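Quick notes on the structure that follows.
The values are calculated or read from the model by the stated rules, or taken from the named source; none is laboratory data. All values derive from a computational prediction rather than experimental measurement. Here Cβ is always computed from backbone atoms with ideal geometry, including for glycine, and neighbour counts include all displayed protein chains. Each accessible area value is taken on the protein alone, full model and side chains, heavy atoms only, with ligands, DNA and RNA left out. Shrake-Rupley method; radii C 1.70, N 1.55, O 1.52, S 1.80 Å.
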Amino acid sequence: KRQFTPIHTPHTHPTHTNTMRSFMLLPCIISVLAAVSWEAEATFRMRRHRPSALSPVLASSSLLVPRGGSVAPQEGPMYEDAVDMPESKLLEDGTVFPLTLSPSTVPSSAEEWVAENRERIVNGLLPRHGAVVIRGLDLPDAEAFSRVVKVLDFEEQPYIGGNAVRTVVAPGVFTSNESPPSERIPFHHEMAQVPSFPTKVLFYCETPSAKGGSTPIVRSDEVCDLLRRDYPSLYSRFKSEGVRYVRTAPMDDDSASALGRGWKGTFGTEERGGCEAKMREDGFEWEWLEGGDLKTTSKVLSAVRDVDGKEVFFNQVIAAYSGWNDSRNVGSRAVLFGLTQDVLPAAEMDRFVSDVDGLAVSFEWKKGDVLIIDNRQVMHSRAPFVKPRRVLASLGR
């Protein structure tokens, strides 16, 4: 149940005039609460399910090493720039999630620091922790972030097959999902609904929101453990059958929808013939609808996969089921079991989606933050927010 903090308006005299003033404030109060209610609810669930990163259990684990008033979550040279972020959680194997790095000395440039630490972050820390936050670099704008992306030297992943409206703002950098700020974007692995997906997702905060707007993240191996333990029948069907995704796309972008990318942008072509060639290559079934809309059904895709010896719930199931709702789509019919094409059981799925929120980590963006996600291991989402907010993204392999 959503918990709302009561709003108290001080009254010196309980007059009719003061009562009317209180009622006049209600629309303003409701608009702010609507923007942050999901984030408050999710934070409550997260804190129920995990200890604080500063809890006595963690503090006595010998994994935390004081440094300059901060707390480094691991010993050794690999973790020399690691600092504590209270929202982080400690996983059962002793891994801090997400790991936060902050330069201990002021680098001459953000690109220089990233270049010096690339190997350590990309091939050492990221595979182990699943997500790394870099905080404290001088990154004032999209162009500065683009230079960091270039230094990281990932193979660029084209956004072909994705369903979110995005705008390129710098080389290798584009807006994150441009859906309305009131919309929650549920947990998902980026582009898991298509055969070719990025293995790395990068986010950069240019302008944090004053209210809401976090990017919650969750380890997909923990989600799979939850599914296997508490929802064995769902786990069995997801693993044995896989899933299919059903989506109806407009011809051109619809910025009012979280999945409003038009089929022209989705498949990178202006012509139906080119679109059909791409769909045929990727194993889609399709149907052209009146008004130029396109209904697609994916081939059977795995829902449970093995990543580095761990089972992960790698898919778009939660996002499609709970978030693919607009004038053309209904989420409860947007994802099907792969072999039987049955719809997912609503009661179990609703409980499962709620439980996943309890495993997640949500931290407050600060200007200049960079979040690097191993897309094979970690799902991300977006909380509603109050404008202005500008979080940019980049995809790589």
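For residues that are among the small types (Gly, Ala, Ser) and within 15 Å of Met191 (Cα to Cα), scanning just the stretch 247-267, find the one that is least open to solvent (accessible area, probe 1.4 Å). So the residue we want is Gly260. Applying the criterion of at least 3 residues that are within 19 Å of Trp365 (Cβ to Cβ), touching a Leu at 6+ places or on another chain (Cβ under 6 Å) and open to solvent by 40 Å² or more (accessible area, probe 1.4 Å) to the strands (runs of 3 or more DSSP E) found wholly in the stretch 100-178 leaves an empty list. Could you tell me whether Pro186 is touching a strand residue (DSSP E or B) at 6+ places or on another chain (Cβ under 9 Å) and either open to solvent by 30 Å² or more (accessible area, probe 1.4 Å) or over 30 Å from Met251 (Cβ atoms) (or both)? No.
For the stretch 314-348, the tally of residues that are surrounded by fewer than 19 Cβ atoms within 10 Å (Cβ to Cβ), touching a residue at least 60 places away in the same chain (Cβ under 8 Å) and either hydrophobic (A, V, I, L, M, F, W, C) or touching a His at 6+ places or on another chain (Cβ under 9 Å) (or both) stands at 1. Candidates Ser209, Ser176, Ser220: the one that is of a type outside the set (A, V, I, L, M) and farther than 27 Å from Arg128 by Cα is Ser209.
Quick check: anything in the stretch 270-279 in contact with a Leu (Cβ under 6 Å, 6 or more places away or on another chain), on the phi < 0 side of the Ramachandran plot and in a loop (DSSP other than H, G, I, E, B)? Looking for residues that are in contact with a Leu (Cβ under 6 Å, 6 or more places away or on another chain), on the phi < 0 side of the Ramachandran plot and in a loop (DSSP other than H, G, I, E, B), one finds none in the stretch 270-279, hence no. With the condition kept exactly as written, say whether any residue in the stretch 175-198 is farther than 21 Å from Val218 by Cα and more than 20 Å from the chain's Cα centre (by Cα). No: zero hits.
Here is the figure for the stretch 292-313: residues that are touching a residue at least 12 places away in the same chain (Cβ under 8 Å), open to solvent by 20 Å² or more (accessible area, probe 1.4 Å) and part of a loop (DSSP other than H, G, I, E, B) total 6. A count restricted to the stretch 59-94 and to residues that are on the phi < 0 side of the Ramachandran plot, open to solvent by 40 Å² or more (accessible area, probe 1.4 Å), out of contact with any helix residue (DSSP H, G or I) (no Cβ under 7 Å at 6 or more places or on another chain) and at pLDDT below 95 stands at 13.
Being open to solvent by less than 50 Å² (accessible area, probe 1.4 Å), touching a strand residue (DSSP E or B) at 6+ places or on another chain (Cβ under 7 Å) and touching a residue at least 40 places away in the same chain (Cβ under 8 Å): is that true of Leu289 here?
Numbers: open to solvent by less than 50 Å² (accessible area, probe 1.4 Å): no; touching a strand residue (DSSP E or B) at 6+ places or on another chain (Cβ under 7 Å): yes; touching a residue at least 40 places away in the same chain (Cβ under 8 Å): yes.
The answer is no for Leu289.
Mind checking which residues of the stretch 114-152 are of a type outside the set (A, V, I, L, M), within 17 Å of Arg397 (Cβ to Cβ) and in contact (Cβ under 8 Å) with a residue 60 or more places away in the chain? Once the filter is applied, which keeps residues that are of a type outside the set (A, V, I, L, M), within 17 Å of Arg397 (Cβ to Cβ) and in contact (Cβ under 8 Å) with a residue 60 or more places away in the chain, the stretch 114-152 yields Pro127, Gly130. Residues considered: Phe174, Phe154. Of these, the only one that is closer than 30 Å to Asn325 by Cβ and of a type in the set (A, V, I, L, M, F, W, C) is Phe174.
With the structure loaded, tell me whether Leu259 is farther than 30 Å from Val151 by Cα and part of a loop (DSSP other than H, G, I, E, B) or whether it fails that test. Lay out the reasoning, then the answer.
Details: farther than 30 Å from Val151 by Cα: yes; part of a loop (DSSP other than H, G, I, E, B): yes.
Yes.
Of all the criteria given as (1) surrounded by fewer than 20 Cβ atoms within 10 Å (Cβ to Cβ); (2) under 18 Å from Gly162 (Cα atoms); (3) at pLDDT 95 or above, the one not satisfied by Pro232 is (2).
A Cβ distance below 6 Å, combined with a sequence gap of six or more or placement on separate chains, defines the contacts here; from the stretch 159-188, residues that are among the hydroxyl-bearing types (Ser, Thr, Tyr) reach residues that are in a loop (DSSP other than H, G, I, E, B) and open to solvent by 30 Å² or more (accessible area, probe 1.4 Å) in the pairs Thr175/Arg166; Thr175/Thr167. How many residues are over 16 Å from Ile185 (Cα atoms) and surrounded by 19 or more Cβ atoms within 10 Å (Cβ to Cβ) when one looks only at the stretch 376-392? Within the stretch 376-392, residues that are over 16 Å from Ile185 (Cα atoms) and surrounded by 19 or more Cβ atoms within 10 Å (Cβ to Cβ) number 2.
It is to be established whether one or more residues within the stretch 354-374 are within 19 Å of Ala164 (Cα to Cα) and open to solvent by less than 10 Å² (accessible area, probe 1.4 Å). Yes.
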